[in-house]
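First the structure, in the form of structure tokens, and then the observations on it.
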Amino acid sequence: MIKVVGFGPGHADYIIPMAAKAISEATVVIGYHYYFQFIQHLLQPDVLCIGKELSQEEKRADIAIQHALEGEKVVVIGSGDASIYAMAAIVYQKIAEQALDIPVETVPGISAFITAGSKLGAILGHDFCCISLSDLMTPWTTIEKRIRAAAAGDFVTGLYNPKSNKRYWQLQTLKNIYLEHRSPDTPVAICKQLGRSEEQIQITTLSALNTDDVDMFCVVLIGNSQTFRYKEHLITPRGYLDRKPETGNEIQHASFREITTNLPPHSLAPDALWAAIRCIHTSGDFEYINHIETSTNAIHQWHEYLRNGGTIVTDVTMVQAGITKAYTTQYNNQVVCLLNDPEALALATAEGLTRSQAGIKLAAKKYPTALFVIGNAPTALIEITDQIHEGTLAPAGVIGAPVGFINVIESKERLKTIQTIPYTLIKGKRGGSNFAAAIVNAAFTLDEA
């Protein structure tokens with residue numbers, strides 16, 4: 001029988017009863033010779049103690065197997081937890097490779113990073129990982145890949161084997177990588193000889209971390225982007241005080257915050273940017289920050305116009321439906337679409353127009369100062385721009401977002417030549433009713449930006 005036992009960080013109070021019982025019942029105890037001082041009070045008088053050097057893990061496993069085959073009650077000891085960077089892996093691997101019929105059990109212990117987490121308070125309150133910086137048996141290229149993944153993934157990180165006399169550069173390299181992804185003020189704790197009389201804990205920051213303060217008796221904990229210091233504690237919030245959004249408004253505002261956090265470079269004015277954000281929110285496509293164009297202060301002017309009860313004319317019912325009714329109700333706006341109006345249908349037949357063009361032509365007569373919003377038909381946008389160019393129409397503004405392949409680009413180029421009327425358009429062949437409505441909703445809600 002072999003039991004691989006972790007006795008914790010060193011102090012007797014950290015040895016769990018299961019581990020103490022296993023050690024006290026052993027007839028053979030094998031481990032790094034330095035560790036025996038921490039379990040002397042648990043050993044039987046006639047127990048055989050076999051101490052080896054730090055680098056002789058494989059030999060310790062072989063000796064344990066040999067004594068177990070002879071019928072001894074063998075315990076292989078290690079500090080912390082036996083299954084974390086410790087002897088359990090090599091013992092089990094040896095037994096498996098040789099297909100031996102030896103009962104083997106891992107007895108848990110309190111690991112170094114768990115001890116450090118407790119000493120620091122609550123740094124392990126959210127997702128964390130552990131990385132060993134020892135490249136004696138793991139290629140540095142593999143270790144670096146894991147470092148970059150942990151840094152980019154925003155994990156609280158526990159570092160084992162952070163430094164020794166011969167491994168003096170790895171920790172500095174890790175620090176440099178983490179500074180590519182984390183704030184220089186990210187809390188860092190150097191925890192040395194935890195649970196022992198020589199215990200020392202130093203709290204610093206990522207930028208101020210002095211790698212010369214670290215040695216092989218240390219475990220280093222690096223916080224994530226949310227970790228903060230309170231007195232001598234490090235706290236990583238779990239999220240209880242920052243729950244996920246649940247209501248419609250909460251979800252929408254959380255979405256806008258997510259969008260603004262990840263915006264690509266741009267040169268849009270604040271009001272135009274808000275319209276772009278609403279379009280990105282509608283499409284899920286950040287490229288729309290490059291596809292929107294507005295005349296100066298257009299969204300700002302429409303914000304005042306709409307909040308004063310201004311009328312909106314749309315080319316199709318889809319745009320009409322997409323404009324938030326809570327806004328139009330609050331500000332007493334009339335939203336007009338004459339696409340299916342009998343008079344517009346008669347006009348379309350009489351003059352050979354599309355229904356959208358006829359509806360807009362009729363609306364231009366009835367509501368000449370309205371905000372005209374085109375989300376489908378380029379013929380409707382052409383009708384408006386031609387009337388503005390001829391001087392027969394002076395609306396509050398024009399939103400041009402028709403979509404398609406025929407006359408779409410031409411209709412938008414016409415709109416761009418208008419100098420006297422505020423406009424917003426979706427460039428090229430892109431557009432649609434949802435984008436036209438999103439721009440109107442942006443104007444309503446500009447004060448939220």
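The values are calculated or read from the model by the stated rules, or taken from the named source; none is laboratory data. Predicted, not measured: the structure shown is a model, and the values here were computed from it. All Cβ positions, even for glycine, are placed from backbone atoms using ideal geometry, and neighbour counts span all protein chains on display. Surface accessibility is based on the protein's heavy atoms, side chains included, excluding ligands, DNA and RNA. Shrake-Rupley method; radii C 1.70, N 1.55, O 1.52, S 1.80 Å.
For the reader, a short list of remarks on this structure follows.
- Each peptide in 31-40, 323-332, 158-167 was scored by the mean count of other Cβ atoms within 10 Å over its residues; highest first, the order is 158-167, 31-40, 323-332.
- Of all DSSP-defined beta bridges confined to the range 5-125, some 10% are antiparallel rather than parallel.
- Cα long-axis angle, helix 87-97 against the chain (0 to 90 degrees, to the nearest 10): 80
- Compactness of the range 96-191 was expressed as the Cα radius of gyration divided by 2.2 N^0.38 Å, which yields 1.29.
- Our compactness index for the range 134-266, the C-alpha radius of gyration over the empirical 2.2 N^0.38 Å, is 1.27.
- Carbon and sulfur %, accessible surface of the range 215-359 computed with the full protein complex present, 1.4 Å: 52
- Heavy atoms of Met1: accessible area, 1.4 Å probe, square angstrom to 10: 70
- Ordering of 333-343, 386-396 by burial proxy (mean other Cβ atoms within 10 Å per residue, highest first): 333-343, 386-396
- Every Cα-Cα pair of the range 229-360 was included, and the share exceeding 25 Å stands at 50 percent.
- Relative contact order for the chain, counting Cα pairs under 8 Å that sit 6 or more residues apart, in percent: 11
- Computed over the chain, the P(r) curve from all C-alpha pair distances, binned at 20 Å from the origin, holds 21, 30, 20, 20, 9, 0 percent per bin.
- The range 74-115: projected area of the alpha-carbon convex hull, averaged over directions, in nm²: 2.9
- With Cα atoms, 0 to 90° folded angle of helix 378-390 axis to the chain main axis: 50
- Taking the longest Cα principal axis of the chain as reference, the axis of helix 433-444 is set at about 90 degrees.
- The range 293-449, relative contact order [Cα under 8 Å, separation at least 6], %: 29
- Helices in the chain, meaning DSSP H runs of at least 4 residues, each add -39500 (n - 2.57). Divided by all residues, the mean residue ellipticity at 222 nm is -11500 deg cm²/dmol.
- Equivalent ellipsoid, the range 1-118 (semi-axes from 5 times Cα gyration tensor eigenvalues, Å): 21, 16, 12
- The residues of the chain expose, per residue, 49 Å² of accessible area to a 1.4 Å probe.
- 4 °C / 1.567 mPa s Stokes-Einstein diffusion coefficient of the range 335-414, Kirkwood radius on C-alpha pairs, µm²/s: 104
- Counting only DSSP beta bridges with both residues in the chain, the antiparallel share comes to about 35 percent.
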